[in-house]
Amino acid sequence: MKLNFQVEGGNFAKAGVASSEVKKVLKKLGVPPMVIRRIVVALYEAEVNIVAHAQQGIISVDVRHDKVEIELRDKGPGIGDISQAMQEGFSTASEEVRAMGFGAGMGLPNIKKNADELNIESKVGEGTTVHITNYFAKP
Amino acid sequence: MNQSNQLELHHAIKIAPDKCRACTHCLQVCPTEAIRIRNGKATIIPGRCVDCGECHRACPYHAFYVEQDDLSRIFDYKYRVALFPAVFVSQFPENISEEQIYSVLKQIGFTHTCEVEQPISVLIDSIKDFAQNEYDSESPIISSFCPATVRLIQVKYPALTDHLVLRNAPHDLAAWYVRQRLAEEGIDPSDAGIFYITPCAAKIAAVKSPVGEKKSIVDGIINMSEIYNQVMAKATGVTGNFHSCDCRNEISREGILWSLPEGEKAAFEGKSLSVDGMHNVIRILERLEDGDLPDIDFLELRACEEGCAGGIMMTGNRFLTADRQHSRAKNFPKAQSSVGMEDLAEKLRIAPVQPRPMVHLDTDMEKAFAKMEKARSIMCHLPGIDCGACGAPSCLALAEDMVRHEARMTDCIYIQQLWQKEGKISAEKAFRNLEKRWGENRFDMDCSKRGAKNDNGFGLMNEGEDADLY
Ligand code: SF4
Ligand code: SF4
């Protein structure tokens, strides 16, 4: 089952739409609550990242019988050094964005903590694509 | 398996079918989409109901009522204890004194009175102990004070049950406390009946089937609005024969404020957040689930706006009640230490609260998948008006009921209209379908409905019904 969402960069009022929709669907499917929680935290964080850093983005969520595959593609500044960005406390968020409580540098590490599989591709000046896969049962 | 795991939890919110006109107001406000119209009457899906009382508030025909015990039942006991929360006292107008309220309780037949928040220091220390020494998961810990929010978490936010404080609510504590005091007086426990006068249905439901607890400790539940009316009728005639008994001198400032917003928060040193009102509670729990709350140590939740001052059984206006409660609290000292009450503290512990997820489409995930896909296709046909005329709270809820085989396409009045136009169904058949959902003769002329020619207010009132002063 595929769910697609458009994300508007800079519009924090709408941040979280994708994660809340996905959450509803997973709950209705009866996916174990703790599994849902991890997926939602990772997705929400990634969604907010797009809002905070990029101009726009597309989230495609593929809900399978045993796992969820999420792709978040954005048009934005991209990430220069992914491994550096993975470290806790690192952030390129502007002062404004930080003042709103977003982009405190928890982003990528927190996604990593909650994703079973995480893959990030990025081109500086073009954008970033994040792949998150979480399984419903421990393999 | 403890009781909280059983699907058949006790519910205190009931519907009087003779009063229900299936006006659908309740459908829209229920936070767990627990209500459906069947055969022209609102019905509650038990597993989903969290006893929050939103439906009771929304019903213009007063068709919802709260199940309680008859006041006369107190006379089954030689000693009769009235256990009531501080909000009960604060809801009365200023011209009625605390002494008068206490006196009327005795006049009605209670031999002992106790405010539930009296031994609050035991609870404060116990919650602190839980936070510091027992809880080892992610912050925040969530207050388990309001049973409606506890049940909401079990049903709708099952992943968050781990955050709940594993301590009883003040009324349980107070009941144990009273038992102890009675024993000190040399009263045989079997001679004493403890009656809880509550502000809401959620507490009744909790008392009858406590979350994470085996058995309730109170002997009965008395309708607060009934007692309210009695106090209003009798208070003026009461003379000053009141004597300060029943450990009333143990009432504390913290205790009085406990059930109001920020009541628990005030006793908690870490960073805490207080949220009241069902829709606000839902928003904050959604954010917590998303991992989108800043670091908070303690989350205080109250299903009712202004906390228990806004409980559905309260007669007084919630803001005036809360205001009086704040003034009253100033007259009492700070809570004393709980040293020497360790045995009471032991009674406060409860077993972990189990999740009770109720929103899934099927217990088998494969089947749930198929059902969801089907529901999504059905949604392509439904009008998306969420009018409630099908008896479900929204088009999506109807689609999901359909895949659960609990509803049919023709329940949608627009689809019926369309099918008639397309000649797929006769007008006769369409009308019969409507009657199936809404009851026979439901569409006959009737001048007693709200706003019609012979509308006489709320129709027949329940005995002891609260006059809404919101
Ligand atoms: S008490 Fe609350 S949960 Fe139960 S049916 Fe009414 S509105 Fe729904
Ligand atoms: S806030 Fe108080 S009155 Fe309202 S449901 Fe919760 S416990 Fe009951």
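When you restrict to C-alpha pairs under 8 Å that are six or more residues apart and normalise by the size of chain B, the relative contact order lands at 22 percent.
For the set A:Arg38, B:Arg48, solvent exposure ranked by accessible area (probe 1.4 Å, protein chains only) runs largest to smallest as A:Arg38, B:Arg48.
Scaled to the globular estimate 2.2 N^0.38 Å, the Cα spread of region B:273-349, given as radius of gyration, is 1.45.
The three principal axes of the C-alpha atoms in chain B carry coordinate ranges of 79, 56, 39 Å, sorted with the longest axis first. Annotation: region B:1-102 has a Kirkwood hydrodynamic radius of 16.5 angstrom, from the mean reciprocal C-alpha pair distance. Accessible area of B:Met341 (1.4 Å probe, protein heavy atoms only, ligands and nucleic acids ignored): about 50 Å². Each part gets one Cα centre, and for region B:426-455 versus region B:273-327 those centres are 40 Å apart. Remark: relative contact order (region B:4-66) = 44 percent; criterion is Cα-Cα distance under 8 angstrom and separation of 6 or more residues.
Secondary structure note: in the protein assembly as shown, about 65% of the DSSP beta bridges are antiparallel. What are the lysines whose alpha-carbon lies under 18 Å from the alpha-carbon of A:Lys28, with same-chain residues fewer than 8 places away excluded? List returned: A:Lys2, A:Lys67, B:Lys156, B:Lys367, B:Lys371, B:Lys374. All other residues whose Cβ lies under 14 angstrom from that of B:Glu440 are scored, Lys and Arg at +1 and Asp and Glu at -1, for a net of +3.
Once you have the alpha carbon radius of gyration of chain A, what is it after dividing by 2.2 N^0.38 Å, with N set to its residue count? Ratio of Cα Rg to 2.2 N^0.38 Å: 0.99. Listed by chain and number, the lysines whose alpha-carbon sits under 20 Å from that of B:Lys106, ignoring those within fewer than 8 places in the same chain, are B:Lys78, B:Lys234. Ignoring lysines fewer than eight residues from B:Lys41 along the same chain, the ones with Cα atoms less than 24 angstrom from its Cα are B:Lys14, B:Lys19, B:Lys429, B:Lys436, B:Lys449, B:Lys453. One way to sum up the overall shape of the protein assembly as shown is the equivalent ellipsoid from its Cα gyration tensor, whose semi-axes run 45, 35, 20 Å, largest first. Radius of gyration (Cα atoms) of region B:365-438, expressed as a multiple of 2.2 N^0.38 Å: 1.11.
The values are calculated or read from the model by the stated rules, or taken from the named source; none is laboratory data. Note that the structure is predicted; figures quoted are calculated from it, not measured. Cβ atoms come from the backbone with ideal geometry, glycine included; neighbour counts cover every protein chain shown. Keep in mind that these areas ignore ligands, DNA and RNA; they rest on the heavy atoms of the full protein, side chains included. Shrake-Rupley method; radii C 1.70, N 1.55, O 1.52, S 1.80 Å.
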